[in-house]
Amino acid sequence: MILREATQADYSQLITIWEASVRATHDFLPDSEIAALKPLILEQYFDAVSLTCSVTESGDIVGFCGVLDGNIEMLFVSPASMGKGIGKALTQHAIARQQATRVDVNEQNPAALGFYQGIGFVVTGRSELDGQGNPYPLLHLQLTTA
């Protein structure tokens, strides 16, 4: 597995991974919400963060992580590659190289919460609404160990 900085040329692959991952892990989101988020992710959010992608030896992108101001804003792994250490490698890279110490997790995504807790994040707060103002509560996590 190779970690490298993502470029705009990667965006079409990243958005495909994002959608597949969201559909596999965010079963609480209706199709209409995913459809509304997709152009925002592609046209605004990718450019707003420092993106690192995980690439196989054959050159296929299998996951990515976006960090902004010490906050992991996005971490998505293709469903076929989940459970293989890609998310952990991307998160550890974000912590070590991008000084990431915070992340928000949808409360309805207990697998993500467990994933981050396993790395050393703890819940420090909760918001009733997500970043778009929708009723999908967020848990705010802070890294306690490095």
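Only residues that are open to solvent by less than 60 Å² (accessible area, probe 1.4 Å), of a type in the set (F, W, Y) and not in a loop (DSSP other than H, G, I, E, B) were counted in the range 108-146, giving 2. Quick check on my filter: what residues within the range 8-35 are of a type in the set (S, T, Y) and open to solvent by less than 70 Å² (accessible area, probe 1.4 Å)? Within the range 8-35, Y11, S21, T25 meet the criteria.
Here are some residues: K84, K88, K38. Which one is open to solvent by 40 Å² or more (accessible area, probe 1.4 Å) and within 22 Å of Y136 (Cβ to Cβ)? The conditions single out K38. Residue count for the range 58-92 under the criterion of being without any contact (Cβ under 8 Å) to a residue 60 or more places away in the chain, under 15 Å from M1 (Cβ atoms) and polar (S, T, N, Q): the result is 4.
Listed here are the residues, each with its yes/no results for (1) among the β-branched types (V, I, T); (2) under 24 Å from Q8 (Cα atoms); (3) touching a Cys at 6+ places or on another chain (Cβ under 8 Å).
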| position | (1), (2), (3) |
| --- | --- |
| G59 | no, yes, no |
| G63 | no, yes, yes |
| S81 | no, yes, no |
| E107 | no, no, no |
| G120 | no, no, no |
| N134 | no, no, no |
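Taking the numbered list (1) outside any loop (DSSP other than H, G, I, E, B); (2) open to solvent by less than 20 Å² (accessible area, probe 1.4 Å); (3) more than 20 Å from L29 (Cα to Cα); (4) not aromatic (F, W, Y) in turn, A96 passes all entries but (2).
The values are calculated or read from the model by the stated rules, or taken from the named source; none is laboratory data. Remember, it's a predicted structure, so these values are computed and weren't measured experimentally. Every residue, glycine among them, receives a Cβ derived from its backbone with ideal geometry; neighbour counts consider all protein chains shown. SASA here: full protein model, heavy atoms, side chains in, ligands and nucleic acids out. Shrake-Rupley method; radii C 1.70, N 1.55, O 1.52, S 1.80 Å.
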